[in-house]
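Take a look at the structure below.
The values are calculated or read from the model by the stated rules, or taken from the named source; none is laboratory data. Here the structure is a predicted model, which is why all the values come from computation and not from measurement. Cβ coordinates were reconstructed from backbone atoms using ideal geometry, including for glycine residues, and neighbour counts include every protein chain displayed.
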Amino acid sequence: MDYECEKGAKRNFEPWREAKLAEETEEERLDRLEQEEADKDAMAELETKALDAKTEMAIADSLDQIRTRNARLERSGATAVVDMGLDKAQIEREEAKKLQEAEDEEAARQAFRGGTGESVRRLVVEEEEEGDAVAPTTEETKAEATSFVRKKKTKKDLGAALGIKKKAVT
């Protein structure tokens, strides 16, 4: 009884190999088994080498991360020292500015003192009977007259600029 092979069939059993194994002597069989064990040992050895290489790479990566972090911390520490220097310089500038303002105030006091040593008095706005105020024309009154009151800005209709027409609501 012979079967004909159709498409894609694979052979599971090869009778000529079984005959070859039957003819094999005991010494040949032992040699073959030793060879297979050596091959298995070589595969196990290769797997352990691959695992060792993988762990070494992980250790190297973690060391690199630690070195990078330490370098970053070192740089930030150095910038902190520089920032402290900038803070000191800023403090010195502020102290110099306060000293300059104090000197300016003293110079202003000296300038407003008269020749006799008396301080100059401000002109007071006197009210007339009609209710109109007489405004003296000095620099101080002009500065007081200008006020910094916020004015509400009028909103522009930007829709008209874009050609958008609003519908009349009825």
Residue check: is K88 in a helix (DSSP H, G or I), at pLDDT below 60 and surrounded by 10 or more Cβ atoms within 10 Å (Cβ to Cβ)?
-> no
Listed by first then second residue, the pairs whose first member lies in the range 1-25 and is outside any loop (DSSP other than H, G, I, E, B) and surrounded by fewer than 10 Cβ atoms within 10 Å (Cβ to Cβ), whose partner is modelled with pLDDT of 75 or more and of a type in the set (D, E), with beta carbons under 7 Å and at least 6 positions apart or on separate chains, are none
